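**Q** My structure is below; once you've seen it, I'll send some questions.
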Amino acid sequence: MIRRIPSKQRNEAIVRERDQGALIRLGLLLVGGLALAGGFLYGGGQHFASLKYGYETEDLRRVRDQLAEQQRRFLLAREEAASPSRLERAARQLGMQPMQPLQIDPLKRFAKRAAEKAAPALSQSANSTRDAQANRNAR
């Protein structure tokens, strides 16, 4: 058997030294872990936001395509409604008749336009001539 120290002998109390660097290391570890966890949370938020925007973009593209198709249909309907044959049918339903060649006189129309353009110019020159004569008479 092993000989033991008699129990009457009192061991001295062992006191550990405080490790001053341990507290600093634990604080740095905590700050680093929090920064790393915060980075993962931020990255996760960015990822889910990009997924959300991707889905919204797809929805908007689908709506844009639907609106473009609707615009094409409206343009087609407008051009169909403005076609000469359709306009002629609508005019006949209203009781209108096709224009006769005798109703069109291009020379008469040209003379009328020329007279309308010349009339304001003549009246302005006549007014300025009268004003000039009135000013001479007044002196």
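Yes/no matrix, rows are residues, columns are (1) surrounded by 10 or more Cβ atoms within 10 Å (Cβ to Cβ); (2) free of Cβ contacts under 8 Å to residues at least 60 places away in the same chain; (3) outside any helix (DSSP H, G or I):
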residue	(1), (2), (3)
I14	no, yes, yes
I24	yes, yes, no
L28	yes, yes, no
L34	yes, yes, no
Q46	yes, yes, no
L51	yes, yes, no
R64	yes, yes, no
L67	yes, yes, no
Q93	no, yes, no
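**Q** Taking the stated definitions as given, is R10 free of Cβ contacts under 8 Å to residues at least 60 places away in the same chain and in a loop (DSSP other than H, G, I, E, B)?
**A** Yes; evaluated as a whole, the condition is true for this residue.
**Q** Could you list, in sequence order, all residues of region 79-91 that are of a type outside the set (S, T, N, Q), loosely packed, with under 10 Cβ neighbours inside 10 Å and in a helix (DSSP H, G or I)?
**A** P84
**Q** Of the conditions (1) at pLDDT 70 or above; (2) exposed (fewer than 10 other Cβ atoms within 10 Å of the Cβ); (3) not basic (K, R), A114 clears all except one; give me its number.
**A** Checking A114 against (1) at pLDDT 70 or above; (2) exposed (fewer than 10 other Cβ atoms within 10 Å of the Cβ); (3) not basic (K, R), the one that fails is (2).
The values are calculated or read from the model by the stated rules, or taken from the named source; none is laboratory data. Source: prediction; values computed, not measured. Positions of Cβ are backbone-derived with ideal geometry, glycine not excepted, and every protein chain shown enters the neighbour counts.
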